[in-house]
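Heads up, the thing below is written out as structure tokens.
The values are calculated or read from the model by the stated rules, or taken from the named source; none is laboratory data. Given the structure is predicted, the values throughout are model-derived calculations rather than measurements. All Cβ positions, glycine included, derive from the backbone under ideal geometry; neighbour counts span all protein chains shown. Side chains are part of the model used for accessible areas, which takes the heavy atoms of the whole protein and leaves out ligands, DNA and RNA. Shrake-Rupley method; radii C 1.70, N 1.55, O 1.52, S 1.80 Å.
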Amino acid sequence: MAVFKCKMCGGNLIPNPDGKTAVCDSCDSISDLPNDHDERLISMHNRANDLRMHSEFDRAISVYEKVIAEDSGDAEAYWGLLLCKYGIEYVKDPATGRYVPTCHRAKYGSILNDPDFQEVIRRAEPGAKGRYEAQAQEINTIMQEILSIAAKQEKYDVFISYKEQDNGERTLDSFRARSLYEKLTAKGIRTFYAPESLPLGKNYEPIIFSALHTSRVMVLMGSKPEYFTAPWVKNEWARYLELINNGEEKTLIPAYWDLLPDMDLPRELSSLQAVNMGTPVGELQLIEYVQKLVNAKNGKTTQPAAAAAAVSAGSVMQQEARSLLKRADIFLDNGQLSDAATYYNRVLDKDPENAQAYWGQLLCKLKCRTADEMIRKGQQISGEIAYKNAIRFASPDLKKAYQAVNTAIDEWIQSVCRMLDQALSRQLRDENFLQKAGAIEENMKKRAPEVQNIGQSMQQKLTAMQQQMQKVTAQSQTLRTQMNNLQNQYNLSVNQFNQQKEIPVAYNMLGTLQQQRKALDDALNAYLNYCQNSQDASTLRTIFSQCRSVQGEMDQMIQFYEQQDRKLTELAQQVVNLKKQCANLKNEVRSGQYSNAWAFIGHEVQNPVTVRV
């Protein structure tokens, strides 16, 4: 059988004989019981009570509303609902042992005038009304004390809400919250940040109440869906959202990392403009927007009516641009680059000087979702038109962030280029190009005396051959002269014979002609014999043969030197080719292509550089 649980300590309620009241078996407090003891409704009461006791007030309210929907006369359900609205938790007083209420959701006004309390009194049994009124009066007194203390607290411009711990360890969000707190404070923005704003040993509720009511902006930070619904985090933003819904001029900004806002944020926050802190400009965009809202609250950015009218059309355009920019950032975060690029272009149609849209265009072009991805891709961006325009129209802080990304990319490219140079030096060293070239040159030097000897020998042979040729030529010339003289004499005798008219005289001349002809033949045979068989001619032929032999040696030596020269040329060309390959790889790296560079280097290297923007 289901048993009702005590709202103060969670113990079991033991029903009294009247069936309308019960006593807790742990704290002895008296509680009123619902009229309907249906086990399912009892279970729902206990579930809602357990949620409230664990500070999950909104979830408990949802359960109590379901109970009321089924049994509208259940006064105890309205009372539980009222406790959740004011964040009532009961704690044991060490002095008296009595459980007393504490309030985590103080409100202006009296709980006694709350419509839900009126429903409690209207539906309660006559004997129970006094107990409900006494408890409500006790809560009201505590709440008025809270409001009195809150009125004296420091006023804030911004309230930072986040989950501090997860399983006993500090969350990453807590470090991010502190960083944001420090940056906002540095700009003179009064920021509520629990570790700095809540003094130890004090009642937190008055301070939190004052901070929620005085702050113009709440920044709700989270990197996991469950962080947004953590009890104390939700308690803060739900109270702030209630103030907004009641007409107060406040802005709640969800700031998320690595989430899909349409799917991962609580339903109540899905309609709010959120900031993707995982983008290169997320934090800067958030700080600029917060500063603008705070300045407007503090009257630092007022405009004359005429000026406001003059810029009204532009303000509408900028609002449309911001809406489109948000949509583009969501597409980018989801990896829908084509859609993101389309929306960034639409932003620029509305606001041609929107630096964030140009930066988004650049991310889409490089097929990157974040600045860190862009840095890891390592493609040079300084020459991109989108980058130049982003720098041109960015605010000073945003410009620094973009330039930091560009610097990180350039430094990475330079680092890889240095690795390529080192790999080139290593390959040149491993291939022993200098040693090989030195060995070739040394080999050529060793054979230099041999070349010199061959040259000297050839010179000597040529000199001897020249001298012998001069001698042969001289002797040959003498014989030729004699032969020519005999030829001339013979020719003269033949002419005289032809001109002689007297036969006896001509007949006598035939003997002379015959002798001269024989002398001429003898001279010709002597000349031919000399040219072919003389000792001088034989010597000349020997010398010539020797010259041909030396020339063969010289040809071999020339061939050797040509081979060595070709080897040197090939080595030099290999070095040139490696250097050219290295230069081409550097150009590939600058365009974001690294695979060939890693192959040349011999291993892939992960870019350790990150830039927080």
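Structure notes:
Results for (1) part of a helix (DSSP H, G or I); (2) in contact (Cβ under 8 Å) with a residue 24 or more places away in the chain; (3) surrounded by fewer than 19 Cβ atoms within 10 Å (Cβ to Cβ), shown as yes or no for each residue.
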{"residue": "240", "(1), (2), (3)": "yes, yes, no"}
{"residue": "249", "(1), (2), (3)": "no, yes, yes"}
{"residue": "252", "(1), (2), (3)": "no, yes, no"}
{"residue": "255", "(1), (2), (3)": "no, yes, no"}
{"residue": "258", "(1), (2), (3)": "no, yes, yes"}
{"residue": "268", "(1), (2), (3)": "yes, yes, yes"}
{"residue": "273", "(1), (2), (3)": "no, yes, yes"}
{"residue": "285", "(1), (2), (3)": "yes, yes, no"}
{"residue": "289", "(1), (2), (3)": "yes, yes, yes"}
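- Filtered residues of the stretch 41-93 (kept if touching a helix residue (DSSP H, G or I) at 6+ places or on another chain (Cβ under 9 Å), of a type in the set (A, V, I, L, M, F, W, C) and open to solvent by 50 Å² or more (accessible area, probe 1.4 Å)): 53
- Residue ID - most open to solvent (accessible area, probe 1.4 Å), chosen from residues in the stretch 150-207 that are part of a helix (DSSP H, G or I), touching a residue at least 12 places away in the same chain (Cβ under 8 Å) and acidic (Asp, Glu): 196
- Members of the stretch 423-458 that are within 29 Å of residue 378 (Cα to Cα) and in contact (Cβ under 8 Å) with a residue 40 or more places away in the chain: 423, 424, 427, 428
- The condition of being part of a helix (DSSP H, G or I), at pLDDT below 80 and either under 30 Å from residue 475 (Cα atoms) or not acidic (Asp, Glu) (or both) holds for residue 514.
- Candidate set from the stretch 377-425 (those that are touching a helix residue (DSSP H, G or I) at 6+ places or on another chain (Cβ under 9 Å), over 22 Å from residue 285 (Cα atoms) and of a type in the set (D, E, K, R)); member that is surrounded by the fewest Cβ atoms within 10 Å (Cβ to Cβ): 421
- Look at (1) open to solvent by less than 40 Å² (accessible area, probe 1.4 Å); (2) touching a residue at least 40 places away in the same chain (Cβ under 8 Å) and you find that residue 117 fails only one, number (2).
- Any hit, the stretch 19-38, residues being farther than 19 Å from residue 131 by Cα, open to solvent by less than 20 Å² (accessible area, probe 1.4 Å), out of contact with any Gly (no Cβ under 6 Å at 6 or more places or on another chain) and not acidic (Asp, Glu): no
- Counted residues, the stretch 42-82 - those being hydroxyl-bearing (Ser, Thr, Tyr), at pLDDT 90 or above and closer than 20 Å to residue 118 by Cβ: 2
- Within the stretch 42-54, none of the residues are free of Cβ contacts under 8 Å to residues at least 60 places away in the same chain and assigned to a loop (DSSP other than H, G, I, E, B).
- Within the stretch 324-345, tally of residues that are at pLDDT below 90 and open to solvent by 70 Å² or more (accessible area, probe 1.4 Å): 1
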